[in-house]
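The structure appears below as structure tokens.
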Number of protein chains: 2
Amino acid sequence: MTRPADTVSESRQWDRLMTLARLGAIPGDGVNRPCLSPLDRAARRQVIAWAREIGAEVSIDDAANLFIRRAGSDPDAAPVLTGSHMDSQPEGGRFDGIYGVIAGLEAITALHDAGIVTRRPIEVVAWTNEEGGRFAPGCMGSMAWAGHTPLSAWAAVRDPAGITFGAALAEHLAAEADLPRRPLGSRPHAYLEAHIEQGPMLEAAGIDVGVVTGIQGSRWFSVTITGASAHAGTAPVGTRQDPVQDMLRAIAALNALTADPTDTLRFTVGRIDVLPNTSNTVASQVRFSIDLRHPDRAILLRTGDAIAATITAALKTCRAEVQEHFHAIPVRVAPPVVETVAAAAIACGHRAMRLPSGAFHDAQFVVPIAPTGMLFVPSRAGISHNPAEYTAPAQLAAGTRVLAESLARLAS
Amino acid sequence: MTRPADTVSESRQWDRLMTLARLGAIPGDGVNRPCLSPLDRAARRQVIAWAREIGAEVSIDDAANLFIRRAGSDPDAAPVLTGSHMDSQPEGGRFDGIYGVIAGLEAITALHDAGIVTRRPIEVVAWTNEEGGRFAPGCMGSMAWAGHTPLSAWAAVRDPAGITFGAALAEHLAAEADLPRRPLGSRPHAYLEAHIEQGPMLEAAGIDVGVVTGIQGSRWFSVTITGASAHAGTAPVGTRQDPVQDMLRAIAALNALTADPTDTLRFTVGRIDVLPNTSNTVASQVRFSIDLRHPDRAILLRTGDAIAATITAALKTCRAEVQEHFHAIPVRVAPPVVETVAAAAIACGHRAMRLPSGAFHDAQFVVPIAPTGMLFVPSRAGISHNPAEYTAPAQLAAGTRVLAESLARLAS
């Protein structure tokens with residue numbers, strides 16, 4: 001029997017990824033392909049052309065999510081859905097997001113080449129605006145599709161050039177008016193998203209495929225510490241209310257709060273803004289960000305809830321205000337999908353390990369709608385959101401073999 | 001006998017300061033009067049008009065330093081020089097600099113009103129571009145006058161609008177071509193500059209006048225800590241090279257290095273720039289500034305020389321580069337001038353205390369040329385370089401009485 005994995009083509013998939021990487025190429029092998037831009041449209045047109053080579057049907061919904069459908073033998077059966085996104089970070093790489101779309105296309109092309117007809121249809125989706133790089137927040141396409149948030153909520157969001165999301169979406173839909181329009185939302189039998197890991201675990205362990213066990217939860221805070229501006233030459237250190245020094249105390253206390261011997265909890269201060277930010281003036285105010293993530297809901301809640309009091313107790317001379325502006329609870333994926341992927345990896349002869357996802361993905365918004373899973377391929381040095389992002393052609397092909405085998409099993 | 005202090009007019013001096021504060025007034029009682037601007041020229045014209053009311057001679061040098069001379073009885077005697085500057089910070093106050101010019105003018109006006117003729121001439125100077133707000137660095141006028149740096153060194157320095165210092169100076173000199181031109185440099189008998197304290201010491205001690213014992217030295221460093229960017233959700237904390245965390249370690253070590261039970265050493269981190277400065281990315285690089293000041297040369301040298309090694313020893317995962325980009329040794333003022341000011345304060349019935357200057361002043365460039373001193377009046381809450389800068393009319397008058405008495409003694 002021919003397995004779908006046998007007809008996955010490493011070179012075709014790589015060539016397609018490299019073809020798309022030229023649309024928005026930036027120095028250092030990077031990609032800048034903003035959602036709903038002419039580059040995004042050119043990439044979608046290319047994908048549509050490849051889909052039509054195998055007779056797949058193409059449609060689009062009101063959020064400009066693009067669907068490529070390979071029919072199954074039972075026209076009434078709910079489809080198996082796979083895919084990811086095609087937009088990139090402003091200084092992004094060649095694989096984040098687009099790999100999941102091209103891997104899905106390669107999987108149904110492999111089924112086509114092998115002459116396998118599944119019972120259920122298989123649909124490959126390219127979700128609109130996962131990155132949030134042009135219009136914040138990200139994951140608008142999957143959120144709108146899942147009924148999480150109505151599209152109208154973001155109509156007035158502007159990109160740096162002042163163009164609203166509503167206007168960009170309308171322009172895009174007008175440019176793709178030749179594609180059949182489908183309603184937002186559906187009830188797939190299962191959803192399986194392939195993605196690069198964006199972390200170092202698979203590479204470090206020498207593993208081909210990661211079977212994702214869940215997406216960790218996140219809590220984002222912004223902290224404002226207010227002191228009093230003073231002349232760096234004249235104000236005695238003992239009289240100062242220096243928010244830079246109190247920020248040091250606060251972060252040191254947060255380091256202690258978030259210390260985790262298992263190194264599972266992620267605590268990051270990635271943004272610091274000082275006012276007035278001049279070398280010879282004691283600052284009047286400092287703002288910094290906190291990004292806290294953990295796969296366990298109870299730990300995430302307990303740790304996040306302690307942040308404000310920890311900061312307040314650490315300050316010596318200033319006052320602090322702590323605002324939580326994002327809270328996503330940990331996401332559980334569907335055990336049957338996890339087991340299917342794990343079994344498919346064994347069937348394909350690829351080494352797999354289970355791990356949680358550290359990053360957000362469209363998949364987390366699909367969880368309430370359908371049994372959902374993800375599979376990861378290794379990221380060199382864990383680097384992503386960066387032109388240096390890299391996964392070798394053979395590693396990408398391994399992931400796609402497991403994806404194709406998994407989709408065939410889920411669609412049988 | 002009439003003392004010059006008796007004819008110092010609190011209201012005239014205050015009215016003059018408020019008249020000048022309208023030239024460049026900004027919200028919140030602030031002043032933005034860039035050097036060599038039309039506003040600067042209007043302020044100078046006003047001061048010249050007041051000077052001519054008492055028959056003083058006005059002249060200007062190649063650096064546009066403005067001199068107002070009240071003749072003495074001995075035309076061959078070296079003059080006593082006093083003054084400060086008339087330009088302001090972009091968001092400055094009503095007293096920084098301009099007080100020293102108006103106090104000097106008030107002092108010679110008081111002598112005029114009292115009918116006192118000193119043996120030596122007394123000259124009031126307004127130095128060009130002390131603040132460096134329009135053209136960096138500051139103190140160009142006093143540096144050029146003192147032969148510290150030739151004017152030509154700054155000819156190509158541009159303001160934010162692209163105008164060169166050379167062009168602005170030429171335009172200004174052309175507009176003031178009616179004033180007699182005097183050569184750069186002279187050999188005054190003494191120099192005494194009045195200024196607001198720009199620190200909290202006098203107010204906190206309830207003292208009228210500060211007798212400046214020296215200007216502390218400064219060393220400015222910029223520190224670059226380079227780590228590796230990573231995804232805040234996927235990179236385990238233990239694998240990160242996070243320059244924000246290493247900056248914390250570095251500043252904590254510097255706090256220990258600069259700890260001073262006498263609270264004389266000033267250590268300030270006022271500027272922090274994080275790259276890429278996004279909340280969900282571990283930073284790749286952090287830059288921060290160090291401003292170190294102390295009145296004692298040996299302590300300043302020893303502490304500053306230890307900075308790079310202290311930082312390097314503190315880092316855990318990143319590498320640091322430390323650059324020193326400014327080094328001013330502590331300035332000693334002339335004991336006879338200090339004693340004259342202290343005695344004048346007693347004669348005027350004002351409380352005086354001795355203190356070092358924490359800020360830079362034109363006076364430090366006059367030190368190699370002539371016996372130099374400074375006197376300070378209190379700054380409310382130590383605030384300066386800010387629209388909230390304030391010294392009460394009576395406090396300004398007290399300082400001017402001591403200045404007038406001191407100038408009369410130095411010129412006798």
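Quick notes
- Set of the range B:191-219 residues, backbone N closer than 18 Å to the point 7 Å along the Cα-Cβ line of B:Ala347: B:191-194, B:209-212
- The range B:28-160: C-alpha gyration tensor shape, a/c 1.5 cut-off, then a/b vs b/c: oblate
- Centre separation in Å (Cα based) which lies between the range B:131-174 and the range B:67-129: 22 Å
- Within the protein assembly as shown, percent of DSSP bridges classed antiparallel, to nearest 5: 70 percent
- Of A:Val117, A:Val237, the sequence from fewest to most neighbouring Cβ atoms within 10 angstrom is A:Val117, A:Val237.
- By average C-beta atoms within 10 angstrom, highest first, the peptides A:91-99, B:99-107, A:34-42: B:99-107, A:91-99, A:34-42
- Per-residue shielding of B:276-287, expressed as the average number of other chain Cβ atoms within 10 Å of the residue Cβ, stands at 5.
- Beta bridges from DSSP with both residues in chain B: antiparallel share about 70 percent, rounded to the nearest 5.
- 7 Å along Cα→Cβ, label-point gaps from B:Thr264 to other copies, nm, shortest first: 5.6
- Among A:193-202, B:170-179, sorting by the average number of other beta carbon atoms lying within 10 angstrom of each residue, highest first, gives A:193-202, B:170-179.
- In the protein assembly as shown, taking the dipole from charged Cβ atoms about the Cα centre, the farthest positive-side position among A:Pro393, A:Gln13, B:Ala114 is held by A:Pro393.
- Structure-based [θ]222 nm, chain A - -39500 (n - 2.57) summed over DSSP H runs of at least 4, per residue, nearest 500: -10000 deg cm²/dmol
- Cα centroid of the range B:198-235 to Cα centroid of the range A:326-356, whole Å: 52 Å
- For B:Asp305, A:Asp296, A:Asp246, order by how many other beta-carbon atoms lie within 10 Å, fewest first: B:Asp305, A:Asp296, A:Asp246
- Spin-label pair B:His148-A:Ala156: with each label point 7 Å from Cα along the Cα-Cβ axis, the two points sit 5.4 nm from one another.
- Copy-to-copy label distances for B:Thr19, where each label lies 7 Å from Cα along Cα-to-Cβ, are 8.1 nm in order of increasing length.
- Pseudo-label separations to other copies for A:Ala71 - Cα-to-Cβ vector, 7 Å, nm: 11.3
- The protein assembly as shown shape via C-alpha gyration tensor axes, a/c threshold 1.5: prolate
- Length added when fully stretched, A:Asp305-A:Ala177, from 0.36 nm per residue minus Cα-Cα: 41.3 nm
- Between B:Asp76 and A:Ser73, the modelled label-to-label distance comes to 12.4 nm, taking each label 7 Å out from Cα in the direction of the beta carbon.
- Relative contact order, percent, chain B [alpha-carbon distance under 8 Å, six or more residues apart]: 24 percent
- Relative contact order of the range B:217-328, pairs being alpha-carbon contacts under 8 Å that are 6 or more residues apart, as %: 48 percent
- Overall form of the range A:334-412: oblate. Here a/c, set by the Cα gyration tensor axes a ≥ b ≥ c, is 1.5 or more, and a/b is not larger than b/c.
- Cβ neighbours within 10 Å from other chains - mean over B:245-258: 2
- Given R0 = 51 Å, the distance between the Cβ atoms of B:Arg187 and A:Ile329 translates into a calculated FRET efficiency of 0.05.
- For the protein assembly as shown, size of Cβ-based charge dipole, Lys and Arg +1, Asp and Glu -1, in debye: 520 debye
- Counting other Cβ atoms within 10 Å as a rough exposure proxy, the listed residues B:Met18, B:Met353 run B:Met18, B:Met353 from fewest neighbours to most.
- Computed from Cα atoms, the angle from the helix A:10-21 axis to the main principal axis of chain A rounds to 50 degrees.
- With a simple spin-label model that places each label point 7 Å from the Cα along the Cα-to-Cβ direction, the separation between A:Ala167 and A:Asn255 comes to 4.7 nm.
Coordinate-derived values only; no laboratory data. These numbers come from a predicted model, not from an experiment. Because the Cβ atoms are built from the backbone with ideal geometry, glycine has one as well, and the counts that use them run over all protein chains shown.
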